[in-house]
Amino acid sequence: MVERVTLIMDVFEGRTARLSLEEVARSTRLPRSTAHRILDQLVRLRWLEHTGLGYGLGRRALGLGGGDGAHSRIREAAAARLHHLQIKTGLVVHLAVLDGAEVHYLDKVGGRFAAAVPSRVGGRAPAHSTALGKAMLAWLEPEDVEARAAGAIGRLTRHTISDLGTLHQELNRIRRRHGLAFERGECFPDIACVATAVRGPEGPVAAVSLVGDALSPLEKVAPLVVDAARQVSRELFPEPQAPVRGARRAAAAPEETWSPQAMDRLLAAGQYGDWQ
C-alpha cells in the first residue's frame with residue numbers, strides 16, 4: 001500500500017498539477033479501481049483535493065496541514081504584520097486561507113470593533129461573499145473558480161454576489177485593481193472589508209484584510225493592506241540567493257508595482273464608490 005501511495009503522489013509534479021483518474025491510473029500502471037480507492041482515501045486525509053478539474057495536491061502535501069495548528073508557518077510569518085496593521089489603523093485584521101469554496105480564518109486581531117465582527121479563528125465563510133475569498137479567487141483559473149464556487153454560491157445578504165457571471169466580473173475588477181478586493185455588507189450586514197492575497201510563485205496562499213463598519217473609508221487604508229500582504233509573502237517566499245554558475249534561478253514571489261499615479265487613481269475611484 002505504501003508503494004502504491006508513493007506511486008500516486010509522485011505523479012503530481014507541481015503544486016498546481018491537475019490530473020484525472022484515468023491519467024493517474026495510466027501514469028502509475030495501477031488498476032483503475034485501485035487508483036480510485038487510494039485517491040479517495042488521500043482526498044479524505046487531505047493529502048489530495050478533488051475538484052471538477054481533477055485531482056491535485058491537498059493541504060497536507062502543500063505543507064499547510066490538516067488542522068488549525070498546522071497552519072503555523074503562515075500565522076508566524078504574518079503575526080507581526082497583523083498586529084502592526086491593527087495598531088496603525090484601529091480596525092480588525094483577518095488572516096485566512098482558501099479551502100474549497102470557503103475561507104478558513106487563521107487569525108483575527110481585534111480593535112474596538114472586534115466584538116461586532118462575527119468571525120472567529122478557526123471559523124469559515126463562503127469565499128464569494130468575503131473580500132478575503134475574492135482576493136484569492138481572483139488569481140485562480142476561471143475553471144477552478146467555477147469548480148469551487150458553483151455549488152456554494154448564494155446570497156447571505158441582499159448585497160451578496162449570487163451568480164457565477166457576476167462573480168467573474170468582480171474578480172476581473174479585482175485583478176485590474178492589482179488584487180485589491182472590497183466588500184460592503186456582502187457577508188455580514190453593516191460590515192465592510194478590504195483584502196489582498198498573499199501570493200507565492202504559484203498562486204495565492206492566504207489573504208489579509210481590514211474590517212470596519214459600512215461607512216469606514218477603507219480605500220484610504222488599502223495601501224497598508226497591500227504592504228502587509230507583500231511583507232508576509234516575502235517572509236514565506238524569500239528572494240533566492242545568487243545562483244551558482246550554470247544553475248537555474250528559482251522563481252521569486254510575484255510583486256505588483258504601484259506607481260504614485262496608479263495609487264492616486266485608486267484612491268480617487270474609492271472616493272466615488274467605484275468598487276462594485
- request: Output the number of residues of region 83-104 satisfying the condition of being farther than 16 Å from HIS128 by Cα and surrounded by fewer than 22 Cβ atoms within 10 Å (Cβ to Cβ).
  value: 7
- request: Only one of these is under 20 Å from VAL232 (Cβ atoms) and hydrophobic (A, V, I, L, M, F, W, C): LEU167, LEU140. Name it.
  value: LEU140
message: Can you find, within region 71-82, the residue that is nearest to the chain's Cα centre (by Cα) among those that are open to solvent by 10 Å² or more (accessible area, probe 1.4 Å) and without any contact (Cβ under 8 Å) to a residue 60 or more places away in the chain?
response: ARG75
task: Evaluate region 143-165: report whether one residue or more is open to solvent by less than 40 Å² (accessible area, probe 1.4 Å), among the hydroxyl-bearing types (Ser, Thr, Tyr) and touching a Pro at 6+ places or on another chain (Cβ under 6 Å).
output: yes
- prompt: Quick one: would you say THR130 is at pLDDT below 90 and either open to solvent by less than 60 Å² (accessible area, probe 1.4 Å) or touching a Gly at 6+ places or on another chain (Cβ under 6 Å) (or both)?
  reply: no
- prompt: Quick check: anything in region 168-177 touching a residue at least 60 places away in the same chain (Cβ under 8 Å), of a type outside the set (Phe, Trp, Tyr), assigned to a strand (DSSP E or B) and open to solvent by 10 Å² or more (accessible area, probe 1.4 Å)?
  reply: no
Failed criterion for GLY203 (all others in (1) under 19 Å from VAL145 (Cα atoms); (2) out of contact with any Lys or Arg (no Cβ under 8 Å at 6 or more places or on another chain) hold): (2)
query: Restricting the search to region 217-254, which residues are among the small types (Gly, Ala, Ser) and modelled with pLDDT of 70 or more?
result: ALA222, ALA228, ALA229, SER233
message: Looking only at residues that are part of a helix (DSSP H, G or I) and charged (D, E, K, R) in region 99-148, which one is nearest to CYS187 (Cα to Cα)?
response: LYS134
- line: In region 34-55, residues that are assigned to a helix (DSSP H, G or I) and open to solvent by less than 80 Å² (accessible area, probe 1.4 Å) total 9
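The values are calculated or read from the model by the stated rules, or taken from the named source; none is laboratory data. Please read these numbers as outputs of a predicted model, since none were measured by experiment. Glycine also receives a Cβ, built like all others from the backbone with ideal geometry; neighbour counts cover every protein chain displayed. The accessibility values were calculated without ligands, DNA or RNA, using every heavy atom of the protein model including side chains. Shrake-Rupley method; radii C 1.70, N 1.55, O 1.52, S 1.80 Å.
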